[in-house]
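Worksheet: the structure to be examined is printed underneath.
The values are calculated or read from the model by the stated rules, or taken from the named source; none is laboratory data. The structure displayed is predicted, hence computed values, not measured ones. Please note: Cβ atoms are built from the backbone with ideal geometry, for glycine as well, and neighbour counts cover all protein chains shown.
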Amino acid sequence: MDNTVSKKNDPYASLRFPEFNYYLVIRFAFVFALAMQFAIIEWKVYEISKDPFSLGLIGLSEVIPAVLLAPFAGHMVDKREKRGILLQCVIAYLFISTGLFILTWDQAVAGISKHWVLNLIYLLVFLGGIVRAFTSPATFTLLSLLVPRDLYANASTWSSSAWQIGGVLGPALGGLFIHWIGVHWAMLLVVLMFLPPLYSLLHIKPKPIYYQSKGESFMDGLTKGMRFVWKTKVVLNAMALDMFAVLFGGAVAMLPAFAKDVLHAGSLGYGLLRSAPAVGALITMFILAHRPLANKPGVKLLAAVFGFGLTIIIFGLSTSFYLSILALLISGSLDGISVIIRQTILQLKTPDEMRGRVAAVSSMFIGSSNELGAFESGFMARAIGLVPSVVLGGCVTLGVVVTTYVISPAMRKLDLKA
């Protein structure tokens, strides 16, 4: 009994499992590569088009296949071995990033119109959305197979920390390398960053499959995750809260336009702006690894998302580079609280045989809201202006939090004890 208590109180408990450390490498490298890739592609697309709406189309290109395929992908992840699925995803990302590397090579596309270059970029991003539909549930499910159940909260914290470190370094180095060596060679680094996950996956043994059909039809199996989320109100509310906050409160997709046209910061400033939210979130992750959110986590989640909305409003109104950096830093710190609580809710409340399908629903709610938010931001920026669109989004986020607080007693009474 004393050993169990000590494990729960040990902030490094999950790190004592070797396969989980390889998992963190995979988690970091995936996010680093994809965050850096998006930062580079966003810069290149805006450089070609000079239109904020084109940035929104990047998000839309990825979110369409990610959402449409999510139920099927989650179903397949539950039925198949997770490590093998992730290996296939890494290889697919390698091909996609190589294609983007070629499209950012001016000599290779010299005879192609800018319009077609943009369309080909959108196509590869679309293919990336297909791969992501499988990557998200496979990654989520694999975590629960690497550590004991009583360490899910601790493992989720370290997993989110790896995610945030990748989120910090990816866009920051993307901006720096655009400045130092140009878009094309920066994309080569993205291609190379998909090699460490291949190595790490070879050091994780194949895992058991808990899926049991129990005579259910294909359609029943496909929709089971959705039905579970709908019936489990605290899971549904946590997903919906985060989805709407990111959908309306996300300003990251518009950062190339802010860096160029509002703050006049250039590619170096863009990299710093792009990484600021992840730096803030990373600080939060390390604090929460040592001081878990034990009391009233639901109320803290609502307060964090409310604060996130306020910082987005401040960022939208700011014309100072340093105030903008600070606002994004705090927004990331508050978002880190939301990520930890939401991931812990999912790990603790989801049955083993349904993890892939529930993670796929989560991807539809939350992961895809980043890209839908990017499209919404681009559309609104064209309709009412860049700054008003971001400020309005922050205001809507505040309204969503207040509404959730009023209508969701389950969220107010949330308990994360395993």
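Observations on the structure shown:
- Checked against the criterion of being modelled with pLDDT under 95, more than 23 Å from Ala374 (Cα to Cα) and aromatic (Phe, Trp, Tyr), the candidates Trp116, Trp105 yield just one match: Trp105.
- Meets criteria (aliphatic (A, V, I, L, M), modelled with pLDDT under 85 and more than 17 Å from Gly394 (Cβ to Cβ)) for Leu293: yes
- Options Leu151, Leu100, Leu143, Leu176; residue that is of a type in the set (A, V, I, L, M), out of contact with any Phe, Trp or Tyr (no Cβ under 9 Å at 6 or more places or on another chain), assigned to a helix (DSSP H, G or I) and modelled with pLDDT under 95: Leu176
- Segment 118-156, residues that are crowded, with 18+ Cβ neighbours inside 10 Å and without any contact (Cβ under 8 Å) to a residue 24 or more places away in the chain: none
- Some residue of segment 399-410 being under 19 Å from the mean Cα position of the chain (by Cα) and either in a helix (DSSP H, G or I) or surrounded by 24 or more Cβ atoms within 10 Å (Cβ to Cβ) (or both): no
- Considering (1) surrounded by 18 or more Cβ atoms within 10 Å (Cβ to Cβ); (2) within 23 Å of Ser61 (Cβ to Cβ); (3) of a type outside the set (S, T, N, Q), the lone condition that His115 does not fulfil carries the number (1).
- Boolean, Thr319 is outside any helix (DSSP H, G or I), of a type in the set (Ser, Thr, Tyr) and at pLDDT 80 or above: yes
- When the test is whether a residue is under 21 Å from Thr223 (Cα atoms), surrounded by fewer than 22 Cβ atoms within 10 Å (Cβ to Cβ) and charged (D, E, K, R), Lys50 does not pass it.
- Residue within segment 109-126 that is closer than 30 Å to Leu386 by Cα and in contact with a Pro (Cβ under 7 Å, 6 or more places away or on another chain) present: yes
- Among the conditions (1) in contact (Cβ under 8 Å) with a residue 24 or more places away in the chain; (2) surrounded by fewer than 23 Cβ atoms within 10 Å (Cβ to Cβ); (3) among the aromatic types (Phe, Trp, Tyr), the only one that Phe95 does not satisfy is (1).
- Considering the conditions (1) touching a residue at least 24 places away in the same chain (Cβ under 8 Å); (2) in a helix (DSSP H, G or I), Pro11 is excluded by exactly one of them, (2).
- Listed conditions (1) surrounded by fewer than 24 Cβ atoms within 10 Å (Cβ to Cβ); (2) within 30 Å of Arg357 (Cβ to Cβ); (3) touching a Lys or Arg at 6+ places or on another chain (Cβ under 9 Å) are all met by Leu236, apart from (3).
- Verdict on Val229 being surrounded by 13 or more Cβ atoms within 10 Å (Cβ to Cβ), modelled with pLDDT of 80 or more and within 24 Å of Met364 (Cα to Cα): yes
- Selection within segment 290-308 - over 11 Å from Ile337 (Cα atoms) and touching a Ser or Thr at 6+ places or on another chain (Cβ under 6 Å): none
- Candidates Val358, Val391, filtered to the one that is among the hydrophobic types (A, V, I, L, M, F, W, C), assigned to a helix (DSSP H, G or I), under 23 Å from Ser136 (Cβ atoms) and in contact (Cβ under 8 Å) with a residue 60 or more places away in the chain: Val358
- Qualifying residue in segment 120-132 (condition: over 26 Å from Phe248 (Cα atoms) and either over 18 Å from the mean Cα position of the chain (by Cα) or modelled with pLDDT of 95 or more (or both)): yes
- Here the condition is being over 22 Å from Ala155 (Cβ atoms) and assigned to a helix (DSSP H, G or I); of Phe30, Phe72, it holds for Phe72 alone.
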